[in-house]
Amino acid sequence: MTQPAKPATLPTLVPPPAEFAAQANVSGMEAYKALYESAVNDPAAFWGHLAETELDWFQRFDKALDWQPPFAKWFSGGKINVSYNCLDRHTKTARKNKAAIIFEGEPGDQRIITYQELHRLVCRFASSLLTLGLETGDRAIIYMPMIPEAAIAMLACARLGIPHSVVFGGFSAEALKARIQDLEAKVVLTADGGWRRGKEVKLKEAVDEALKFCPTVEHVVVYQRTGSAVHLESGRDHWWHVLDETAREEVPAVELDSEHPLYVLYTSGTTGKPKGILHTTGGYLLQCTMTMKWVFDLKESDTYWCTADVGWVTGHSYVVYGPLSAGATTVMYEGAPDTPAFDRWWRLVDKYKVSIFYTSPTAIRALIRQGDHWPERHKLDSIRLLGSVGEPINPAAWEWFHRVIGGNRCPIVDTWWQTETGAIMIAAMPGAVPLKPGSGTLPMPGLVAEIVDNHGNLVPEGHEGFLILKTPWPGMLRTIWGDPERFKEQYWSKVPGAYFTGDAARRDKDGYYWILGRVDDVMNVSGHRLSTMEIESALVRHPAVAESAVVGKPHEITGQAVCCFVTLKKGISDHEKLGVELRQWVAHEIGPFARPEEIRFTEALPKTRSGKIMRRLLREIVTSHTVAGDVTTLEDMNVLTSLSAQHDED
Ligand code: WTA
């Protein structure tokens, strides 16, 4: 393994390359400013006009925005369908034979699906869902590998107005169960398994396990991907291909209200229970479509690849809904970047002539570590634009991405957004806004992002504070599924009248935003959100564990790693064995991606007088091995001292 190259000094300002600016959808600062201003000055007129010109409606809306804080309705009275906008409207134009999805499976199988063909496959699957008796408003869980059928399942649900919740294939049966129960899903759409690092991820087995506790589920549809043996419960489970035998070729898209729920995506919050973030139809689709054009500068001829899994919000907005609504060719790859070797991604870029490449800093860091010889074997000259999401991009990763992958010619759009925001909120329009490496740069049109202190007062320029969003935007979450009170409390009560992002940031003299990371008990591990409380709850379910506290620890590749402090029940002491077991336990309870990096056993945990665990102190211990913060509220200083000392001992 080679060492990552030392970052060269980074330029502080990278203007759009002239050639790029000349062809850009939004070219020059003035054009960006004009868009921004007109959206701020009259959001309803700005978004209303775009909704009419960029989307196809069955019935025009009466009102662009109905804002009863914190509840927004966009395009009320309008009738629309996401699947229609992603498929049918393109099949009426020259795009009908354009590739909608270019897919490559990990074993190397390849499929190129045109818009017309995707429309046909989605209709056929929608027909199968109708055969099972599903109706508009019923809910579906999608637990699939990264194969076209995941997108087909999403689009078929959208076509019928069946809100879906995609559960990332790396989640365990336990996590799947909790999501099925919260959504009260009627159907689960899954596969026998998928391929990852040459091994089969057995999805149907996890579904069987979860369904022992999910009485609302009436049907399971299983796509045959790997061909391994699976159990089919008679009367409940159906093969996708068997249902398909009698499917219809045409199923009309249901004319849905603009605010009809499109999907619920569960994400980690500050409690042990994941939050079901609700996105609806018209507004969400508009924001995804526009950001494809503004941030990714999408052109008819582009081949666009976002490496995210459909199980995360990036996979929803920028693998499926955004690209297809905008008529793009979107690339899907099933497997791991290192299979069969560390140049798999670069092979794919050259093979399919990818022109826009969107990935995460954690992936970039992992690839840097393997050495430049992997990308150097490939031309990569089809790429014209790079994108990054998930966490702040560190200087070494920025420099490498720009030089080695982008050949020093491609802008990098660093896109800040969240599951809750639905689409990109802060990012450069690459033909307009000069980049500053490490900064997301400027907000999207109409978005008023401010940085405030604990009391909601603006902090001075350059100072750190909480990032809040002051104006409603079309793609915003509408509520937490089944829990409007938690929605109000979590997002709208910290700073009255504003959306609280949970991120710290600062804004510099040019108005550029620098995101500094989470301020709540949410960790960011490999660009995935994990809640400390969720892992703590998993740990205390283990019979040997009395109490636990979990914090994120800085990690070279994954950004943060999960570090758990654990106190054991009396009489239990086999630390070595338990350390291994507890890491495995968390992987089983939540999913392998949540497996802790480290378990530290301790006699007691540092607590305030009221009994709250002081995670801040533990964070300091794992970060700097010393504690400098205020400790006057600590109940027992000895606990802290022995924890700090532990590091020096080992
Ligand atoms: C972080 C992913 C800095 C941030 C789309 C946010 C980022 C959380 C960036 C949301 C970025 C995402 N720069 N930080 N470009 N993008 N984040 O919901 O902490 O999985 O709050 O959505 O990731 O994660 P989520």
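Can you pull out every residue in the stretch 45-73 that is of a type in the set (A, V, I, L, M, F, W, C) and more than 29 Å from K92 (Cβ to Cβ)? Matches in the stretch 45-73: L65, W67, F71, A72. Of the listed requirements (1) farther than 24 Å from A206 by Cβ; (2) modelled with pLDDT of 90 or more; (3) buried (at least 19 other Cβ atoms within 10 Å of the Cβ); (4) among the hydrophobic types (A, V, I, L, M, F, W, C), L516 misses just one: (3).
Quick grid of which residues meet (1) away from the ligand (no atom under 15 Å from the Cβ); (2) modelled with pLDDT under 95:
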{"site": "W305", "(1), (2)": "yes, no"}
{"site": "V320", "(1), (2)": "no, no"}
{"site": "Y352", "(1), (2)": "yes, no"}
{"site": "R365", "(1), (2)": "no, yes"}
{"site": "I368", "(1), (2)": "yes, yes"}
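The set of residues in the stretch 402-427 that are within 13 Å of the ligand (Cβ to nearest atom) and more than 23 Å from T267 (Cβ to Cβ) contains only I412. Of all residues in the stretch 491-520, those being away from the ligand (no atom under 13 Å from the Cβ) and over 18 Å from L442 (Cβ atoms) number 7. Checked against (1) more than 26 Å from the chain's Cα centre (by Cα); (2) outside any helix (DSSP H, G or I), V222 passes all but condition (1).
Considering (1) assigned by TED's automatic domain parsing to the domain that holds C157; (2) farther than 30 Å from A39 by Cβ, the lone condition that G269 does not fulfil carries the number (2). Evaluated against (1) within 28 Å of the chain's Cα centre (by Cα); (2) at positive phi, G77 falls short on exactly one condition, (1).
Candidates are the residues of the stretch 334-347 that are touching a residue at least 60 places away in the same chain (Cβ under 8 Å) and crowded, with 20+ Cβ neighbours inside 10 Å; the one that is farthest from R225 (Cα to Cα) is G335. The stretch 258-367 holds strands (runs of 3 or more DSSP E) entirely within its bounds, and those carrying 1 or more residues that are basic (K, R) and within 17 Å of the chain's Cα centre (by Cα) map to 275-280. Taking K379, is it away from the ligand (no atom under 16 Å from the Cβ), closer than 23 Å to M146 by Cα, not assigned by TED's automatic domain parsing to the domain that holds L118 and not in a strand (DSSP E or B)? No: the conditions fail for K379.
Going by the structure shown, is G482 at positive phi, crowded, with 17+ Cβ neighbours inside 10 Å and assigned to a loop (DSSP other than H, G, I, E, B)? Against the criterion (at positive phi, crowded, with 17+ Cβ neighbours inside 10 Å and assigned to a loop (DSSP other than H, G, I, E, B)), G482 does not qualify.
This table checks each residue for (1) farther than 22 Å from T314 by Cα; (2) over 17 Å from the mean Cα position of the chain (by Cα).
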| position | (1), (2) |
| --- | --- |
| S388 | no, no |
| N394 | no, yes |
| C410 | no, yes |
| W416 | no, no |
| P434 | yes, yes |
| G446 | no, yes |
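Is it the case, given these coordinates, that P430 is modelled with pLDDT of 95 or more, crowded, with 22+ Cβ neighbours inside 10 Å and away from the ligand (no atom under 16 Å from the Cβ)? In short, no. The set of residues from the stretch 250-268 being in contact with an Asp or Glu (Cβ under 8 Å, 6 or more places away or on another chain) and within 14 Å of the ligand (Cβ to nearest atom) comprises Y266, T267, S268. Please verify whether A45 is assigned to a helix (DSSP H, G or I) and more than 30 Å from L121 (Cβ to Cβ), treating the condition exactly as stated. Judged against the criteria, A45 is a match.
The values are calculated or read from the model by the stated rules, or taken from the named source; none is laboratory data. Because the structure is predicted, anything quoted here is derived from the model rather than measured. Note that each Cβ is placed from the backbone with ideal geometry, even for glycine, and that neighbours are counted across all protein chains shown.
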